[in-house]
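Participant: Pasting a structure below so you can have a look.
The values are calculated or read from the model by the stated rules, or taken from the named source; none is laboratory data. None of the values given here were measured: they were computed from a predicted structure. Backbone-built Cβ (ideal geometry, glycine too); neighbour counts: all protein chains shown. Ligands, DNA and RNA are stripped out before the accessible areas are found, and what is left, the full protein with its side chains, is counted by its heavy atoms. Shrake-Rupley method; radii C 1.70, N 1.55, O 1.52, S 1.80 Å.
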Amino acid sequence: MPASNATSRFSDRVENYVRHRPSYPPQVIDTLKQECGLKPAHVIADIASGTGIWTRVLLENGNQVFGVEPNRDMRLAGERRLADFSTFRSVAGSAEATTLPDHSVDFVTAAQAAHWFDRELARREFVRVLKPGGWLVLLWNERRKDSTAFLRDYEQLLLTYGTDYKEVRHEYTTLVIHEFFDPAPFEKRVFPMRQELDYAGLEGRLLSSSYVPGPDHPNHAAMLRELRRIFDEHAVQGSIAVEYETRLYFGQLA
């Protein structure tokens, strides 16, 4: 996908992204502490930091974080979200051109984002900005597709109405995750995670996705009618569970 498309496609999804995207389970930070020696003193470049969901987790751990984000609307939302953290620095840059100095960070992280990167160029940039012995950390919340009747119906909704859902699913990148690390070894961990959402939350979660039709698209209204139908069919006491597997990959590049 052209970099301009990957960068711009979230511009009209910012508010829903801020309000309805999930965070990450505490096991992620625990694993980075245990396996990578993550300490509050470490400096982190969070690449494609977006609205700051994962960035906030790092800041709450006490780290200094450079949030590198190419999309202006997402970057501004992140700046607003993280304004109370004195250790946060917002950077207009990309995975392939962070603008950060050579060997300036201990960790490079990317949450829910690396599937948009040019893997070869991004890896080269990560090696450049990492200190010797630095760590690359990639993670995704991967929605389960068939563990419940609701999730099977939700997946079918995306297949029916998604504009380019089948082409951009980040699961394709996790199949070639080694290309970010090779020839260095890397580790993988998987943790369960879930969101409990009312209908408004579920609609906002759907509309935060870049591959669903926006309000001006002719399929938008039909998609929301189908979402309402499957919510009403499967909700228990006004709530529905969206289940995820949080996939964490980490290794030393430099």
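Participant: Over the stretch 138-254, how many percent of alpha carbon pairs lie in each 10 Å bin up to the one with the longest distance?
Facilitator: 12, 39, 29, 15, 5, 0
Participant: On average, how much accessible surface per residue is there in the chain, in Å², for a 1.4 Å probe, leaving out ligands, DNA and RNA? Please list the in-between numbers first.
Facilitator: Values: 11440 Å² over 254 residues.
Value returned for the chain: 45 Å² of accessible area per residue.
Participant: Which whole DSSP H helices in the chain pass both tests: a Cα extent of 24 Å or more along the axis and a mean Kyte-Doolittle value no lower than 1.6? Mind dumping the intermediate values first?
Facilitator: Values: long enough: none.
Membrane-span-like by this criterion, though nothing is claimed about a membrane: none.
Participant: Could you tell me, in Å, what Rg and Dmax come out for the Cα atoms of the chain?
Facilitator: Answer for the chain, Rg first and Dmax second: 18.1, 54 Å.
Participant: So for the pair R72, I29, with labels modelled 7 Å out along Cα→Cβ, what separation do we get in nm?
Facilitator: 3.3 nm
Participant: So, in nm, how far is label R194 from label K131 when the simple model puts each one 7 Å beyond its Cα toward the Cβ?
Facilitator: 4.1 nm
Participant: Continuing with the same structure: Express in whole angstrom the spacing between the alpha-carbon centres of the stretch 185-245 and the stretch 26-80.
Facilitator: Here the two parts' Cα centres lie 25 Å apart.
Participant: Could you give the length gained on full extension between H178 and A221, defined as 0.36 nm per residue of separation minus the Cα-Cα distance, in nm?
Facilitator: Working: separation 43, 0.36 × 43 = 15.48 nm, distance 4.01 nm.
So the chain would gain 11.5 nm between H178 and A221.
Participant: Let me ask something else. Full-extension gain between S104 and E155, please, as 0.36 nm times their residue separation minus the C-alpha to C-alpha distance. The partial results should precede the final answer.
Facilitator: Working: separation 51, 0.36 × 51 = 18.36 nm, distance 4.15 nm.
Contour length minus Cα-Cα distance gives 14.2 nm.
Participant: Just in the stretch 38-111: which trypsin sites (Lys or Arg not before Pro) are loop by DSSP and have at most 12 other Cβ atoms within 10 Å?
Facilitator: Answer in residue order: no site qualifies.
Participant: Shape call for the stretch 63-114 from the C-alpha gyration tensor, a ≥ b ≥ c root eigenvalues: rounded (a/c under 1.5), prolate (a/b greater than b/c) or oblate?
Facilitator: Oblate.
Participant: Next up: When a/c reaches 1.5 or more, the comparison of a/b and b/c decides; with that in mind, is the stretch 125-170 rounded, prolate or oblate per its Cα gyration tensor? Show your work: numbers first, answer last.
Facilitator: Working: a/c = 7.92, a/b = 2.51, b/c = 3.16.
Since a/c reaches 1.5 but b/c is at least a/b, the shape of the stretch 125-170 is classed as oblate.
Participant: Percent of accessible area on the chain owned by carbon and sulfur, 1.4 Å probe?
Facilitator: Working: 5600 of 11440 Å².
C and S fraction of accessible area: 49 percent.
Participant: Related question: Once you have all Cα-Cα distances for the stretch 211-254, histogram them in 10 Å bins from zero and send the whole-percent values.
Facilitator: Calculated over all Cα pairs of the stretch 211-254, the distribution is 20, 28, 27, 13, 11, 1 percent.
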